[in-house]
1. Identify the GluC sites (Glu not before Pro) of segment 25-106 meeting these criteria: DSSP loop state and at most 13 other C-beta atoms within 10 Å of the C-beta.
2. Mean separation of Cα pairs under 8 Å and 6+ residues apart, divided by the residue count of segment 38-96: what relative contact order is that in percent?
3. Once you place label points 7 Å from the Cα toward the Cβ at Leu41 and Trp26, how far apart are they in nm?
Amino acid sequence: MRAVRTARTDGASDPARARGAAPLLWAALAALAVGAVLCVLGWYGVSGERFAERQVPYLASCTVPGAALIVAGAVLLTHGRNTLAAARVEELYALLVAMEPAPPEERPASPVASSGALLMVPGGTLWHRADCPLVAGKPAAAPADATALAAGALAPCPICEPPRPPDPGAPPDSPVPAPEH
């Protein structure tokens, strides 16, 4: 959907511009064809005359205009192709500019789940809060094994961000030793 257009691309995808190139190309091809026919006729007329003064009318009426039409057709053909290519480039540019980038997903400031109970799925690699959307309603979800959590076999879920369970061998509320200097 083209919601926003810049001032530069406002008329870029104008179909009239692309349609205007097609008649120009047909005119170029017609000029090339008529010019080639006139050159052939002029050559045929000149070749049948022995004296130069009798060849001049064929040169003036056929060969010179034929050559001019060939040059004009080549110029029109080049200009028509450039116009068509420019119209296509402008249309592609308009399509690229018109597309608004999707807003980046913002990560919620707080975890999705807030339950204190920890669960795991047998064979899984993560532990979750009980109300985490990844395990909510799954009958296979079981309470997280404290020894597996302590051994580091399971990682915390990045969606619900469960807290690290306390070490089973550590006494509750034990003071953390201060680092030595």
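1. For GluC sites (Glu not before Pro) across segment 25-106 that sit outside H, G, I, E and B with at most 13 neighbouring Cβ atoms in 10 Å, the list reads Glu49, Glu105, Glu106.
2. 32
3. In this crude label model, Leu41 to Trp26 measures out at 2.3 nm.
A short reminder: the numbers here are calculations on the coordinates, not readings from a lab. What you see is a predicted model; the values in this text were computed from it and never measured. Cβ sites come from the backbone with ideal geometry, for glycine too, and all protein chains shown count toward neighbours.
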